[in-house]
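K.L.:
The structure that follows is given in the form of structure tokens.
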Amino acid sequence: MGGLSVTTGWQGGEVRRFRWWLLPLIVLMICSAATLAWYFGLHWDLGIDRCNPPPSIMVDGVASASVLAWNDVDGDGILSPGEPPLPGVLVTLSYETATTDDQGNATVSLFKPGCACSCWESEVLTAQTPTGYEPTTPLSVNLTDHHGVYYFGFSRP
């Protein structure tokens, strides 16, 4: 067979030649093995793990938060039994927004391209004070988990 080849040594008196057309296949096999190892959690001493995928994989992540807003009747900043939910509170995570429903619940998520782990780090969740209320809890909190629950209390002055 013709083509470019390199002499790699003698074996039993005949010359063995490296088949260059096999090189892309070999590279693909190595990349595929690294990808599968990362996907299934097989960690090698190559710095490949759940948070550091091999270069052949593009990973995107999400930072998200669940919110509960309530009418803090006693104004103590603690959700007490019997205190009603507060619908219509606008919450913001970076540029994404959500509004609490009739049960005072909302979920806001932020797409993070290229983020494999801890996508919530350095993200800030804020709530807007509804008209006629005062905040009884901080209006801005740093996310502390992948998908945590954050509480915002408001009372009438």
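Read the figures in this text as sums done on the coordinates, not as results from a lab. These numbers come from a predicted model, not from an experiment.
K.L.:
Please work out how much length the chain gains when fully extended from GLN128 to ILE26, using 0.36 nm per residue of separation minus the C-alpha to C-alpha distance, in nm with one decimal.
P.N.:
Values: separation 102, 0.36 × 102 = 36.72 nm, distance 5.63 nm.
Working it through step by step, the gained length comes to 31.1 nm.
K.L.:
Using only C-alpha atoms and all pairs of different ones, pull out the Kirkwood radius for the range 60-155 in Å with one decimal.
P.N.:
Numbers: mean 1/r = 0.0742 Å⁻¹.
With all distinct Cα pairs of the range 60-155 included, I get 13.5 Å.
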